[in-house]
Amino acid sequence: MESFIIEGGRRLKGEITPQGAKNEALQVICASLLTSEEVRIQNIPDILDVNNLILLLKEIGVKVTRHAHGDYAFVADSLNLDYLDSEEFVRKCASLRGSVLMIGPLLGRFGTATVAQPGGDKIGRRRLDTHFLGFKNLGARFERDEARNVYRIQGKSLRGCYMLLDEASVTGTANIIMAAVLTDGTTTIYNAACEPYIQQLCHLLNAMGARISGIGSNLLTIVGVASLHGARHQVLPDMIEVGSFIGMAAMVGDGVTIKNVSLKDLGIIPEAFQRLGIRMEVAGDDLFVPRQPHYVVNSFIDGTIMTLADAPWPGLTPDLLSVLLVVATQARGTVLIHQKMFESRLFFVDKLIDMGAQIILCDPHRAVVVGHDHHIRLRAGRMTSPDIRAGIALLIAAMSAEGTSRIANIAQIDRGYEDIEARLNRLGAKITRVND
């Protein structure tokens, strides 16, 4: 196991470019399973979750060619379908959350898939009901293997239909879309997730020959086609990494430019930081965050306490609430952080409290943060990263703290952030990776 040693108090200055979006990459890579022709994808992030998914695709017979950094070609022309039911495949799927996105394309193209409970962050229950109900609406049948705790899904004669999703699940929507594009008839998905990454998946599939309309809305119409062909695709910048860099620049920056952020795809993210009083300037498709000696939390129009809460797109992504919470510890004012979607994601605040932050954890979903306004710096400490987003939040806290901190279990951070210590060190941070 590896750890980060972080020397706090060092100011960041310069330019940094966000990696390709992790959540989009997982989706579009799995979409390559829908055709026997080459799908070439650029700007793929070099991170643990994505690399493990690519290795898993190789295991089932996908031919993978790496043309350059982040530039891969995938050809799924001779898959080993027997391997999909093996103990080894089930075990590997169980350790990788992104593997769940293979179900839709395998079901749509081959009429069969095996489902294990996927791994990932320990941030609360992340149910698969939306996926399963969508597949059932299309006509799939489920068989439970009690001994192995897996489901076999059979769907040799899927048919398009109307469905109203019980929640706007991003991975659920992606999976149902990929199952439906090769299904006979017309599929209408209402209450579909409409994040930019879902839009990107739909654009790729249409480039492959699919017929998807309503892109960008919560009402998608998919007219099934007989087959798909190859295509090229460019992954968007990762909006979560952009938000993470805004948070870092606000707390410890001396002027940081975040390059090529795809501003039109950031939604409400810049506004969420502005509600904490963070100033930023737009220059083309770049964001410049000047030094923030003070940032003052806004109040609502009626004077009530500012609340930052997650919501389905175009609301605020839950993946950034951990970062916003840490940034709020040095604001002037008080803010309520309301994490609605995952009941375990705020439990990392006890580590921030140990560092001197003024936080009241009201319940598993809500925390009140009283900012120090830089009058009291956080103290360095020893921490363990519980998940990707809490891990980057703790890294930001350690960078702003007085003294030297240590963060263990940084494999969690590596799952979502490419070569993060080297990129931040180039801005002036001092972060060292060590073996425990």
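A few remarks follow.
- Scanning region 142-162 for any residue that is surrounded by fewer than 22 Cβ atoms within 10 Å (Cβ to Cβ) and in contact with a Cys (Cβ under 8 Å, 6 or more places away or on another chain) turns up nothing.
- Boolean, ALA207 is touching a strand residue (DSSP E or B) at 6+ places or on another chain (Cβ under 7 Å), within 22 Å of ALA309 (Cα to Cα) and not assigned by the TED database to the domain that holds ASP373: no
- Residue match in region 299-306 (condition: assigned by the TED database to the domain that holds GLU421, in contact with a Leu (Cβ under 9 Å, 6 or more places away or on another chain) and under 17 Å from ARG332 (Cβ atoms)): yes
- Under the condition of being farther than 15 Å from PRO314 by Cα and open to solvent by 10 Å² or more (accessible area, probe 1.4 Å), the residues counted in region 263-275 number 2.
- For region 345-403, filtered to residues that are under 23 Å from ARG275 (Cα atoms), of a type in the set (D, E, K, R) and in contact with a Ser or Thr (Cβ under 8 Å, 6 or more places away or on another chain), the residue that is most open to solvent (accessible area, probe 1.4 Å) is ARG377.
- Search result, residues across region 39-75 that are closer than 23 Å to THR114 by Cα, of a type in the set (Val, Ile, Thr) and out of contact with any Lys or Arg (no Cβ under 8 Å at 6 or more places or on another chain): ILE54, ILE60, VAL62
- Members of region 49-82 that are open to solvent by 30 Å² or more (accessible area, probe 1.4 Å) and of a type in the set (Phe, Trp, Tyr): TYR72
- Listing of strands (runs of 3 or more DSSP E) fully contained in region 353-436 that carry 3 or more residues being in contact (Cβ under 8 Å) with a residue 40 or more places away in the chain and touching a Phe, Trp or Tyr at 6+ places or on another chain (Cβ under 9 Å): 404-408, 431-435
- Within region 300-313, the set of residues being farther than 16 Å from HIS338 by Cβ and either touching a strand residue (DSSP E or B) at 6+ places or on another chain (Cβ under 7 Å) or surrounded by 14 or more Cβ atoms within 10 Å (Cβ to Cβ) (or both) comprises just one member, TRP313.
- Evaluation of ALA113 against (1) over 28 Å from GLN19 (Cβ atoms); (2) open to solvent by 70 Å² or more (accessible area, probe 1.4 Å) (one fails), failing number: (2)
- Region 116-137 - residue that is open to solvent by 10 Å² or more (accessible area, probe 1.4 Å) and closer than 17 Å to ALA193 by Cβ and, of those, modelled with the lowest pLDDT: ARG126
- ALA192 being part of a loop (DSSP other than H, G, I, E, B) and open to solvent by less than 30 Å² (accessible area, probe 1.4 Å): yes
- LYS13 being in contact (Cβ under 8 Å) with a residue 60 or more places away in the chain, more than 22 Å from the chain's Cα centre (by Cα) and open to solvent by 20 Å² or more (accessible area, probe 1.4 Å): yes
- The residue pairs whose first member lies in region 296-314 and is farther than 18 Å from ILE268 by Cβ, whose second member is polar (S, T, N, Q), and whose beta carbons are closer than 6 Å, counting only pairs six or more residues apart or on different chains, are ILE305/THR334.
- In summary, strands (runs of 3 or more DSSP E) completely within region 130-176 and bearing 3 or more residues that are within 20 Å of PHE89 (Cα to Cα) and either more than 26 Å from the chain's Cα centre (by Cα) or not acidic (Asp, Glu) (or both) occur at 141-145, 150-154.
- For region 276-285, taking the residues that are without any contact (Cβ under 8 Å) to a residue 40 or more places away in the chain and touching a strand residue (DSSP E or B) at 6+ places or on another chain (Cβ under 7 Å), the one that is most open to solvent (accessible area, probe 1.4 Å) is identified as GLU281.
The values are calculated or read from the model by the stated rules, or taken from the named source; none is laboratory data. Small disclaimer: the values here were computed from a predicted structure and weren't measured. All Cβ positions, glycine included, derive from the backbone under ideal geometry; neighbour counts span all protein chains shown. Please note that ligands, DNA and RNA were not included when accessible areas were found on the heavy atoms of the full protein model with its side chains. Shrake-Rupley method; radii C 1.70, N 1.55, O 1.52, S 1.80 Å.
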